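Note sheet for the following structure.
The values are calculated or read from the model by the stated rules, or taken from the named source; none is laboratory data. Bear in mind that the values here come from a model prediction, so they are computed numbers and not experimental data. Glycine gets a Cβ as well: all are built from the backbone with ideal geometry, and neighbour counts include every protein chain shown. What goes into the accessible areas is simple: the full protein's heavy atoms, side chains included, and nothing from ligands, DNA or RNA. Shrake-Rupley method; radii C 1.70, N 1.55, O 1.52, S 1.80 Å.
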Amino acid sequence: MADILIIEDEESILMALEDDLTIEGYSVETATDGQTGLSAASKKRFDLLILDIMLPIINGFDVCKKLRASGVTTPIIMLTARGHEVDRVLGLELGADDYVTKPFSPRELLARIKAILRRVNQTRQAEDLISFGAVEVDFRKYEIKKSGKSVYLTSLEFSLLKFLIDNSDRALSRNDILDGVWGNDVHVFDRTVDTHIGHLRKKIEDNPDKPLHILSVRGLGYRFSRQ
Ligand code: CA
């Protein structure tokens, strides 16, 4: 079940929320000021944050801004005060995903939470499951199947395939691939790329000599095509 962090300084609201969400089966952590909330949300990956705006030490806007600036993409629902139209607009501009106006009904907030978590899940699954030709790749489980049969890839081959797929339809030089997969601090030869591409083709292409997905780009390197 999802991990939710509530950052709220009003104890009555915080406790009621914590109870409601726990009863719904969520795992809940709490923080009562912006600083503590910010560091909790930076350290651990939550599935969702519920963030009040008026908070001690660092306000909710700044917490949201700092999290987004540091690359934290956890969905955020902001708690805004009634009549503060500006708060909502600013909150969404700063990267909040939704807002709920105080006083809110637990049912309304739960509905928003479920909607966001469902959306995030769908996006994640879409990114994690990729198919082309007869091949299906599940990047979350590190599984690959060809015509329904499991194919074994080494972790390096998996990284290589992921890099090619992430850069679909782009012509990649051997150097791009070396930097992207091996990292530029490791000394490997261009030939290494060709060798591993060869292995990967044997595992996923119907005819490795006439590849349909891992294509050669003459004089440069390779290009991945899902077609
Ligand atoms: Ca407050």
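Between SER225 and TYR152, 0.36 nm times their residue separation minus their Cα-Cα distance comes to what?
Between SER225 and TYR152, full extension yields an extra 24.2 nm.
To the nearest 0.05, what FRET efficiency results for MET1 and ALA81 with a Förster distance of 25 Å applied to their C-beta separation?
Efficiency at R0 = 25 Å is approximately 0.25.
Using alpha-carbon positions, what is the distance between the centroids of segment 63-124 and segment 135-198, in Å?
When both Cα centres are located, 36 Å separates them.
Report the full-extension gain for the segment GLU136 to GLU10: residue separation times 0.36 nm, less the Cα-Cα distance, to one decimal in nm.
Contour length minus the Cα-Cα distance gives 40.5 nm.
Just the number please: accessible area per residue for segment 65-107, 1.4 Å probe, all protein chains included, in Å².
In whole numbers, segment 65-107 has 57 Å² accessible per residue.
Treat each spin label as a single point 7 Å out from the Cα along the C-beta direction, and report the ARG191 to ASN207 distance in nm.
2.9
Using the structure shown, list the pairs from LYS162/LYS203; LYS114/LYS145; LYS114/LYS149; LYS149/LYS210; LYS66/LYS162 with a Cα-Cα distance above 25 Å, or answer none.
LYS114/LYS145; LYS114/LYS149; LYS66/LYS162
So what does log10 I(q)/I(0) come out to for the chain at q = 0.10, 0.14 Å⁻¹, using the Debye formula with one equal point on every Cα and no solvent?
Scattering profile of the chain, log10 relative to I(0): -0.63, -0.86.
So what is the calculated 222 nm ellipticity per residue for the chain, using -39500 (n - 2.57) for each DSSP H run with n of 4 or more, over all residues, to the nearest 500 deg cm²/dmol?
That comes out to -13000 deg cm²/dmol.
Extending each Cα 7 Å along its Cβ direction at GLU108 and ILE165, get the distance between those two points in nm, one decimal.
So the two model labels end up 4.1 nm from each other.
Nearest 10 degrees is fine. How inclined is helix 106-128 to the longest principal axis of the chain, computing both from alpha carbons?
Relative to the chain, helix 106-128 is tipped by roughly 10 degrees.
Under a Cβ-only charge scheme (Lys and Arg +1, Asp and Glu -1), can you give me the dipole magnitude of segment 1-43 about the Cα centre, in debye to the nearest 20?
The dipole magnitude comes to about 260 debye.
Roll a 1.4 Å probe over the protein heavy atoms and report the accessible area of SER155 in Å², nearest 10.
90
At 1.4 Å probe size, what's the solvent-accessible area of VAL188? Round to the nearest 10 Å².
Only protein atoms counted, so the area is about 50 Å².
For LEU215 and ARG45, FRET efficiency with R0 = 25 Å and r from the beta-carbon atoms, rounded to 0.05?
Plugging the Cβ-Cβ distance into 1/(1 + (r/R0)^6) gives 0.10.
Quick one: with all protein chains in place, what share of the accessible area of segment 48-199 is carbon or sulfur, to the nearest percent (1.4 Å probe)?
In segment 48-199, the share of accessible area belonging to carbon and sulfur is 51 percent.
What accessible area per residue, rounded to a whole number of Å², is obtained for segment 124-227 using a probe radius of 1.4 Å?
Computed with neighbouring chains in place, this is 62 Å² per residue.
Cα axis of helix 34-43 to longest principal axis of the chain: angle in degrees, 0 to 90, nearest 10?
20
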